[in-house]
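Asks: First the structure, which I've put down as structure tokens, then a few questions once you've had a look.
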């Protein structure tokens, strides 16, 4: 992974390359940024740069022995930790190492296509979208073992923890000592798009690198150069993405979850307006069948759409970030989102999302939400 393959984030790239050349390498670094801004890509490019034996001022060479091993994700001093699903059927898959073949294939596919990814796209690759992925407590013992092995050939042993906010609390607590005082020549790189869910004790032991949303012009250029998108379409998609390159790329696909989510949102609102309890029950059952990750994504989508419909009433198109289908729906729906109900709607959707995270019965959560919409949508 090269720095040149990371979309935008030029300020952070320069900071990383400058400190690496000076030998200023913190023992633990936490990359914090919204989904789709390139946290993992930046961390991986930085890891490769640290160990490149013929690096330039601003990037790794891609030709030395270390870079070739990094290209294959097979360097003996490079270790990955990522959210996963335990499988008890034979052969058992209980820790990240059991998923390394799938993980390497996934990364190669995304890097080759210059496509960013999320936990959802990783789960889709595994074919387990219905599950909720975490980094299990058992992973901490495997990490401790790896970090106590001798370094084979690299300048720095690198541990990349992707989606570190998904670490089980027991796992995170066991790693505190390691993060504070790792073995010599060890760099721990953690990536999160939810720093508020990360233990404060981990944050306090790490050097933070905040990643900003990517400028729309940079996203538009990437869409044109990598995907052959026409100028006007690239600019429209870049604006719609809100600085999220993953979303910009995802909007190119007609199978984007947003189309399905929009139809479900319409159904939920119409059921509330007509007080159609039978349809509410059917809607709740359909949502309950999706699995927790997709349920959470739907509720996040609903919160965004409520916000966009409220802003739509201000008649400032530059402040709106909606697809054509969403904008068409907003023409008739936005008057029903106003100062009398917008805060309560957002609160109810946020509460429902929290209940899904806490594994409350999804059918009950969505039916209860639908009942509350009856009152709110008529205000």
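The values are calculated or read from the model by the stated rules, or taken from the named source; none is laboratory data. Quantities reported herein were computed from a predicted structural model and do not represent experimental measurements. Heads up, the Cβs are rebuilt from the backbone with ideal geometry, glycines too, and the neighbour counts pull from every protein chain shown.
Asks: Quick check on residue 36: is it under 19 Å from the mean Cα position of the chain (by Cα), in a loop (DSSP other than H, G, I, E, B) and at pLDDT below 95?
Replies: Judged against the criteria, residue 36 is a match.
Asks: Of everything in the range 117-136 that's part of a loop (DSSP other than H, G, I, E, B) and modelled with pLDDT under 90, which residue is surrounded by the fewest Cβ atoms within 10 Å (Cβ to Cβ)?
Replies: 127
Asks: Quick one: residue 220 ticks every box in (1) at pLDDT 90 or above; (2) in the same structural domain as residue 42 (by TED's automatic domain parsing); (3) closer than 30 Å to residue 298 by Cβ except a single one, so which number is it?
Replies: Checking residue 220 against (1) at pLDDT 90 or above; (2) in the same structural domain as residue 42 (by TED's automatic domain parsing); (3) closer than 30 Å to residue 298 by Cβ, the one that fails is (2).
Asks: Sticking with this structure for a sec: From the list 60, 66, 56, pick out the single residue that is farther than 17 Å from residue 209 by Cβ, touching a helix residue (DSSP H, G or I) at 6+ places or on another chain (Cβ under 8 Å) and in a loop (DSSP other than H, G, I, E, B).
Replies: 60
Asks: For the range 45-57, which residues satisfy the criterion of being under 26 Å from the mean Cα position of the chain (by Cα) and without any contact (Cβ under 8 Å) to a residue 60 or more places away in the chain?
Replies: Once the filter is applied, which keeps residues that are under 26 Å from the mean Cα position of the chain (by Cα) and without any contact (Cβ under 8 Å) to a residue 60 or more places away in the chain, the range 45-57 yields 45, 48, 49.
Asks: Okay, moving on. Looking only at the range 152-175, decide whether some residue is under 18 Å from the mean Cα position of the chain (by Cα) and assigned to a loop (DSSP other than H, G, I, E, B).
Replies: For the range 152-175, residues under 18 Å from the mean Cα position of the chain (by Cα) and assigned to a loop (DSSP other than H, G, I, E, B): present.
Asks: Still on this structure, I have one more. Mind counting the residues in the range 306-330 that are under 12 Å from residue 342 (Cβ atoms) and surrounded by 17 or more Cβ atoms within 10 Å (Cβ to Cβ)?
Replies: Here the count works out to 6.
Asks: Select, from 42, 30, the only residue that is surrounded by 18 or more Cβ atoms within 10 Å (Cβ to Cβ), within 25 Å of the chain's Cα centre (by Cα), modelled with pLDDT of 95 or more and farther than 21 Å from residue 247 by Cα.
Replies: Matching residue, one of 42, 30: 30.
Asks: Out of all the residues in the range 226-247, is one or more touching a residue at least 40 places away in the same chain (Cβ under 8 Å), over 24 Å from residue 346 (Cα atoms) and surrounded by 19 or more Cβ atoms within 10 Å (Cβ to Cβ)?
Replies: Yes - at least one qualifying residue is present in the range 226-247.
Asks: I'm trying to understand the selection: among the residues of the range 84-116, which are modelled with pLDDT of 80 or more and assigned to a loop (DSSP other than H, G, I, E, B)?
Replies: Across the range 84-116, the qualifying residues are 85, 86, 94, 95, 113, 114, 115, 116.
Asks: While we're here: Which one of 322, 354, 268, 345 is touching a residue at least 40 places away in the same chain (Cβ under 8 Å), in a helix (DSSP H, G or I) and out of contact with any strand residue (DSSP E or B) (no Cβ under 7 Å at 6 or more places or on another chain)?
Replies: 268
Asks: If I filter the range 3-13 for residues that are in the same structural domain as residue 176 (by TED's automatic domain parsing), outside any helix (DSSP H, G or I) and surrounded by fewer than 22 Cβ atoms within 10 Å (Cβ to Cβ), do I get at least one hit?
Replies: no
Asks: Could you please let me know if residue 155 is assigned by TED's automatic domain parsing to the domain that holds residue 137, crowded, with 16+ Cβ neighbours inside 10 Å and in contact with a helix residue (DSSP H, G or I) (Cβ under 7 Å, 6 or more places away or on another chain)?
Replies: It is true that residue 155 is assigned by TED's automatic domain parsing to the domain that holds residue 137, crowded, with 16+ Cβ neighbours inside 10 Å and in contact with a helix residue (DSSP H, G or I) (Cβ under 7 Å, 6 or more places away or on another chain).
Asks: Which ones in the range 357-379 are in a helix (DSSP H, G or I) and farther than 23 Å from residue 278 by Cβ?
Replies: Correct list: 357 only.
Asks: Follow-up. Report yes if residue 85 is within 22 Å of residue 188 (Cα to Cα) and surrounded by 15 or more Cβ atoms within 10 Å (Cβ to Cβ), otherwise no.
Replies: No: the conditions fail for residue 85.
Asks: If you check residue 56 against the conditions, is it in the same structural domain as residue 81 (by TED's automatic domain parsing), out of contact with any strand residue (DSSP E or B) (no Cβ under 8 Å at 6 or more places or on another chain) and crowded, with 20+ Cβ neighbours inside 10 Å?
Replies: Answer is no for this residue.
Asks: Moving on. Which residue out of 295, 303 is touching a helix residue (DSSP H, G or I) at 6+ places or on another chain (Cβ under 6 Å), within 24 Å of residue 355 (Cβ to Cβ) and surrounded by fewer than 19 Cβ atoms within 10 Å (Cβ to Cβ)?
Replies: Only one candidate qualifies: 303.
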